[in-house]
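Notes follow once the structure below has been shown.
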Amino acid sequence: MSRDQLTIEHHGAALFPGAALSILEALEAAFASLPADQAGLRLHGIADLARLLDAAGPVGRLAAERQRPAARPVRAILFDKSAATNWALRWHQDRTIAVRKRIDTPGFGPWSVKAGVKHVEPPFALLERMLTLRIHLDAVPADNAPLLVAPGSHLFGRIPECDIAARVAVCGTFACTADRGDVWVYATPILHASARAARPGHRRVLQVDYAADDLPGDLAWLGV
Ligand SMILES: O=C(O)CCC(=O)C(=O)O
């Protein structure tokens, strides 16, 4: 797997030949008891979801084929951008990981808590080996706030806040429009952003980070 290769890849609904709907329906069934209209829900401990996202499953294999077979889902967030939650997100890199508990470890920090979950910034090299998959449960045409990425920006390491705008200007901007059932795969540290939806409806995206690395010592991925 070359790092360039991981800039961004699109997998149409054909990724799940003859089965796209049943996989999406299985995901929706796994989410059935979750509260509606939440901007972002961190998902953990949903057994059916863990099975669907496992590296041996239809979604997880996209990560396992590009990482090592040891790839596993380490964080899952269900986003929905609706009229009630129509948010915008500035350009940034995802630089934290979710872990089971705080264990101070050289090279890891600062620590934070998001929705009750411990997060920590790991060494950047670990993020560079991670992949993020976005599985689209709703269509995302240009007016439904597609994720914007700056192609190739993941190759520039940890980008200080003050350099982000210039880096986006150099790399350019690409809108990840999608149909229901599409999956986008990208290198976790890519610069990304999203605008408010011009015509808000629903824009449910299951975003899953995959990693093949173990964490040092007793530090443990939260997982899904
Ligand atoms: O779904 C989105 O618009 C972006 C969410 C995201 O990438 C993030 O929270 O870092």
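General remarks:
- Test result for Thr85, modelled with pLDDT of 95 or more, out of contact with any Cys (no Cβ under 7 Å at 6 or more places or on another chain) and within 20 Å of Phe31 (Cα to Cα): no
- Count of residues meeting criterion [open to solvent by less than 80 Å² (accessible area, probe 1.4 Å) and among the hydrophobic types (A, V, I, L, M, F, W, C)] in region 154-164: 3
- Single residue of region 124-152 satisfying the filter (in a helix (DSSP H, G or I) and under 16 Å from the mean Cα position of the chain (by Cα)) that is nearest to Gln207 (Cα to Cα): Leu127
- Applying a threshold of 6 Å to beta carbon distances and a minimum spacing of six or more residues, or different chains, the list of pairs starting in region 156-172 at a residue that is free of Cβ contacts under 8 Å to residues at least 24 places away in the same chain and ending at one that is open to solvent by less than 80 Å² (accessible area, probe 1.4 Å) and in a loop (DSSP other than H, G, I, E, B) reads Cys171/Ala150; Cys171/Pro151; Cys171/Gly152.
- Residues located in region 173-224, provided they are more than 16 Å from the ligand (Cβ to nearest atom), more than 29 Å from Gly109 (Cα to Cα) and crowded, with 18+ Cβ neighbours inside 10 Å: Gly181
- Residue check: Glu65 meets all listed conditions (1) modelled with pLDDT under 95; (2) over 19 Å from Asp214 (Cα atoms); (3) more than 14 Å from the ligand (Cβ to nearest atom); (4) open to solvent by 20 Å² or more (accessible area, probe 1.4 Å) but one, namely (2).
- Those residues of region 68-79 which are open to solvent by less than 20 Å² (accessible area, probe 1.4 Å) and in a loop (DSSP other than H, G, I, E, B), in sequence order: Ala71
- Output for region 40-62, where each listed residue is open to solvent by 70 Å² or more (accessible area, probe 1.4 Å) and not in a strand (DSSP E or B): His44, Ala47, Asp48, Arg51, Asp54, Ala56, Arg61
- Of everything listed in (1) open to solvent by 30 Å² or more (accessible area, probe 1.4 Å); (2) within 16 Å of the ligand (Cβ to nearest atom), the single unmet condition for Ser82 is (1).
Conditions tested, residue by residue: (1) among the hydroxyl-bearing types (Ser, Thr, Tyr); (2) assigned to a helix (DSSP H, G or I).
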| position | (1), (2) |
| --- | --- |
| Asp163 | no, yes |
| Tyr186 | yes, no |
| Val205 | no, no |
| Asp218 | no, no |
| Val224 | no, no |
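The values are calculated or read from the model by the stated rules, or taken from the named source; none is laboratory data. What you see is a predicted model; the values in this text were computed from it and never measured. Here the Cβ is made from the backbone with ideal geometry for all residues, glycine too, and neighbour counts use every protein chain on show. Side chains are part of the model used for accessible areas, which takes the heavy atoms of the whole protein and leaves out ligands, DNA and RNA. Shrake-Rupley method; radii C 1.70, N 1.55, O 1.52, S 1.80 Å.
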